[in-house]
Amino acid sequence: MKQKVVIRVNLNSGKKNARTKALKIAVGVQGVESVSLQGEDSSQIVVVGNDIDSVHLTSLLRKKVGSAELMSLSPISYEGDTHNGIQSMVWPAYQASVPYYYTYDVPDNNQDSCTIM
């Protein structure tokens, strides 16, 4: 499920490159598709993605950047989001079998006479 997470972070805490570090942390979380800064002083990080663990992201930002507060978490739905008859394709299960080996007889070349001499 696609969702939008808004986290308020104190980016003016005196730490150098706090914005860059916060954006890198947000992008590194699994499921994130886009990250942006919003708000009057760009203190809100807006993260959009599929099945984002918002609590984990907020705790990572608290550990690495400073104070972080989860402001909102909302699902994103698109108007006209119909599947138009598209069905998911199910592949048949692979069944392993014993490989078939070809066998053939090799003629015996055990001759008493030497052909070179």
Label model pair Val32, Val55: point-to-point distance (7 angstrom along the Cα→beta-carbon line) in nm is 1.9 nm
Pop a pseudo-label 7 angstrom from the Cα along the beta-carbon direction at both Val98 and Val48 and give the gap in nm to one decimal. 5.7 nm
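Taken together, the values in this text are just the output of simple stated rules run on the coordinates, not laboratory data. A quick note: this is a predicted structure, and the numbers were derived from the prediction, not measured. Here Cβ is always computed from backbone atoms with ideal geometry, including for glycine, and neighbour counts include all displayed protein chains.
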